[in-house]
Amino acid sequence: MPELILIVEDEADIANTVAFNLQQDGFATHIAPDASSALAFVARSSPAPALVLLDLMLPDMPGTEVCRRLRQSPATRRIPIVMLTARTEAIDRVVGFELGADDYVTKPFSVRELVLRVRAVLRRAKPDHDTPDVEDEVVSFGNLRIDFEGHRVWVSDTEIVLTALEFRLLTTLIKRRGRVQTRETLLTDVWEMHGDVTTRTVDTHVRRLRKKLGGASGSIETLRGVGYRFQTETVASAD
Ligand code: CA
């Protein structure tokens, strides 16, 4: 069955063009012209959409609020979200990432590029998408436990919910544990880098990931001006 992409966009021309191109690429699509119909669609659609393309300027509610609601509900919090915004909109893309968006595209965008981004985000969201390094299914470092296959993470036996991107960031650091990863390397390998994602994005996500890891946050070490490193020795948390 083709993967379903929900397009939340009130500008019909844009929505139709994006839908057409996604369909040409083998996806199923559904267009929601406002926030309330988008949320209603997500609530009733089974299976859930594989990904949501979310315009920020919607007639009834800001896209950021839609993002926040999708992230709040256990049923929808793992659905990847790609935000669409006009260059003139004052919102910082970091705000989008803070809210849990997985990627961010600025209008006007090339539809071809958007489709590639959608594919990249879906690829990293898949539990079986992995680097060639072989990992045991479940590994533990101190109070941190990761189920690579099941895409689940526990700290001191309490499960924590990570977005697809955070999970990929964490597992990438873990697979290369003990080795420093520069922001540029992480951008290439975790974000599958494109022009308008900056190294600040990496810092923002690491900060969020650490916050979620709580008592295990000390495993991600900052090498100032260089990048990040996962350290396997148990370290006291900074929190
Ligand atoms: Ca709009």
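Worth pointing out:
- Accessible surface for segment 138-230, divided over its residues, is 41 Å² per residue with a 1.4 Å probe.
- Antiparallel bridges, percent of DSSP beta bridges restricted to the chain (to nearest 5): 50
- Charge dipole (the chain, unit charges on Cβ, about Cα centre) - positive-most of THR106, HIS205, ILE5: HIS205
- Looking at segment 4-125, the accessible area is 43 square angstrom per residue; that uses a 1.4 Å probe and ignores ligands, DNA and RNA.
- Peptide packing for 209-222, 163-176, 109-122 was compared via the average number of neighbouring C-beta atoms within 10 Å per residue; ordered from the highest value, the list is 163-176, 209-222, 109-122.
- Restraint check, LYS126/LYS212; LYS107/LYS211; LYS107/LYS175, Cα-Cα greater than 28 Å: LYS107/LYS211; LYS107/LYS175
- For the chain, with all protein chains in place and a probe radius of 1.4 Å, 52% of the accessible heavy-atom surface sits on carbon or sulfur.
- Considering only VAL82, LEU187, PHE27, the residue lying farthest towards the positive end of the dipole of the chain is LEU187, judged by Cα position with unit charges set on Cβ.
- For the chain, the longest principal axis of the alpha carbon atoms and the long axis of helix 35-44 meet at an angle near 70°.
- Using θ = phi - 60° in the Karplus curve 6.51 cos²θ - 1.76 cosθ + 1.60, the 3J(HN,Hα) couplings for segment 21-32 round to 5, 5, 5, 4, 8, x, 8, 8, 9, 9, 9, 10 Hz; x is entered for Gly and Pro.
- In this structure, the amide hydrogen of LEU58, modeled 1.01 Å from its nitrogen in the peptide plane, lies closer than 5 angstrom to those of GLY63, counting only residues at least 5 positions away or on a different chain.
The values are calculated or read from the model by the stated rules, or taken from the named source; none is laboratory data. Nothing here was measured: the structure is a model prediction, and the numbers come from that model. Neighbour counts run over all protein chains shown; Cβ positions are idealised from the backbone, glycine included. Note: accessible area is taken over every heavy atom of the protein model, side chains too, but ligands, DNA and RNA are not part of it. Shrake-Rupley method; radii C 1.70, N 1.55, O 1.52, S 1.80 Å.
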